[in-house]
Amino acid sequence: MLENYLPILIFLIVAISFGIVPMLAGYLLGPSKPSEEKLSAYECGFETFDDSRMRVDIRYYLVAILFIIFDLEIAFLFPWAVVLQEIGIMGFWSMFVFLFILVVGFIYEWKKGALEWE
Amino acid sequence: MEFLISIWEMLPVTVQILMKIVALVLPLMLGVAYLTLAERKVIGYMQVRVGPNRVGFKGILQPIADALKLLMKEIVIPNPANRYLFIIAPVMSIMPALAAWAVIPFDEGMVIANINAGLLYVLALTSLGVYGVIIAGWASNSKYALLGALRSAAQVVSYEIAMGFALVGVILAAGSLNLTDIVQGQSGSALHWYWLPLLPLFVIYFIAGVAETNRAPFDIAEGESEIVAGFHVDYSGMAFAIFFLAEYANMILISALAALMFLGGWLSPFQGTPLESVFSFVPPFMWLLAKTSFFLFCFLWFRATFPRYRYDQIMRLGWKVFIPITIFWLLVVAFCVVNKMPIWFDGKGA
């Protein structure tokens, strides 16, 4: 059972090294002539106005919170979807109730304007 | 041949696995390289230009020249940037794009890790990709990069929900998370493939895939005309090339998954018709490659055809159109599965 996952572990290591090795090669083969102008943050040629660690729109946080809720639903639906053929009509109606409650919440978010970007 | 097989069996398991991985990753990287050339050529011809045609015969060596050029360029790490996160970000974005290929089957048994939670693993790894974007944007400490990363992250997570629901639909139909089982559940004929019963999910999956990879018309995160290049604006040389590789590897991954889950993977499109024996000389994985190439062509076609969406339009499409449709269709599919509706869900197709 667990030995099926050995190739994945090895693949992850290969994939990580696939990110590191070309960058090392580029670091070794490329030139390195830093200057103050080159090392400043890119802002279309302007001097940097102020710090870029600025405040961001609250709606990005809102999207992140909604995402967590819905992503958990999906993770919850996965095992149900695999065994639905065995659990039959009872399983269908239980999940129907669950999805109904979810949709009620979704409509509430919609009406409250949580999904608006203008 | 038998001699080679006996040598193969003498090798330690880890070496066997490593060789399989190399045999997968090298063609994949070649595919990525030539996808960039194909993109420039296809869009060129769609705009009545010729595209790159100087390096090698008709531009055939262009990707090699590009790779060499990027390799010889300086990797600039800006002073305001957080150095460690700045270096880690490209690795975080290429790692999931490659590692997800471990569970992609090319033919019956032609898979590196035949695990029973295949699709869950794919979903988990494609979700990791967003870390690369957001770390890159934050670590660069530049306004364009930060704005690009925020937009990109919000867009990717929004479409991931629609994509996840589409995947649940496929799992419902197949009753398994294993990609080989999912393909075998579709055998019969081209009408048994899941594109037909899951048509809305299929369309939404592919559009969400285009949005997930930040490709046109959802390329607001890069938005050349407003925030220059988005989250990787401060990257140069090989560090930038890694992001580029990851984006294209993700495109191929999305296309291959769409082919496996909705268009019958390696199954012949002529199965069950008189033409089946005529085309029996074609190795099965060629069908998978052909279907994948079709989706990749669509990626390029979209980019040449559609104007860029506005950000509020993108979010509206993701949240207010795709999510309600997918939830509704999920219930339809579940109902059909419970009632064992022919011809897809009566268990005879598998």
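Readers should treat all values here as calculations from the given coordinates under stated rules, not as data from a laboratory. Just so it is clear, the model here is predicted, and its values are computed rather than measured. Note: ideal-geometry Cβ built from the backbone for every residue, glycine included; neighbour counts use all protein chains shown.
Relative to the longest principal axis of chain B, what angle (0 to 90°, nearest 10) does the C-alpha long axis of helix B:323-338 take?
Once rounded, one gets 20 degrees.
Arrange the following residues from fewest to most other Cβ atoms within 10 Å of their Cβ: A:W80, A:W110, A:W93.
Working: A:W80 18, A:W110 14, A:W93 11.
So the residues, fewest neighbours to most, are A:W93, A:W110, A:W80.
Can you give the convex hull volume per residue for the Cα atoms of chain B, as a whole number of Å³?
Working: hull volume 58.3 nm³, N = 350.
Each residue corresponds to 166 Å³ of Cα convex hull volume.
Please arrange B:Y205, B:Y34 by counting, for each residue, the other beta carbons lying within 10 Å of its beta carbon, fewest first. Please report the intermediate quantities before stating the final value.
Working: B:Y205 27, B:Y34 16.
Final ranking by Cβ density, sparse to dense: B:Y34, B:Y205.
What do you get for the angle between helix B:237-262 and the principal long axis of chain B? Use alpha-carbon atoms, 0 to 90 degrees, nearest ten.
Its long axis makes an angle of about 20 degrees.
Distance cut-off 32 Å, Cα to Cα: go down the list B:K20/B:K340; B:K58/B:K291; B:K20/B:K320; A:K111/B:K291; A:K33/B:K58 and report the pairs above it.
Values: B:K20/B:K340 39 Å; B:K58/B:K291 26 Å; B:K20/B:K320 43 Å; A:K111/B:K291 41 Å; A:K33/B:K58 36 Å.
Going by Cα-Cα distance, B:K20/B:K340; B:K20/B:K320; A:K111/B:K291; A:K33/B:K58 fall outside the 32 Å limit.
Residue by residue, what Karplus-based ³J(HN,Hα) values in Hz, rounded to whole numbers, does region B:4-19 have, using 6.51, -1.76 and 1.60 with θ = phi - 60° and x for Gly and Pro?
Here the 3J(HN,Hα) series is 4, 5, 5, 5, 4, 6, 6, 5, x, 4, 4, 5, 4, 4, 4, 5 Hz.
Output the 0 to 90 degree angle, nearest 10, between the alpha-carbon long axis of helix B:199-212 and the longest principal axis computed from the alpha carbons of chain B.
With both axes taken from Cα atoms, the answer is about 20 degrees.
Restricting everything to alpha-carbon atoms, can you work out Rg to Rh for the protein assembly as shown with a Kirkwood hydrodynamic radius?
Numbers: Rg = 23.2 Å, Rh = 23.7 Å.
Result: Rg/Rh = 0.98.
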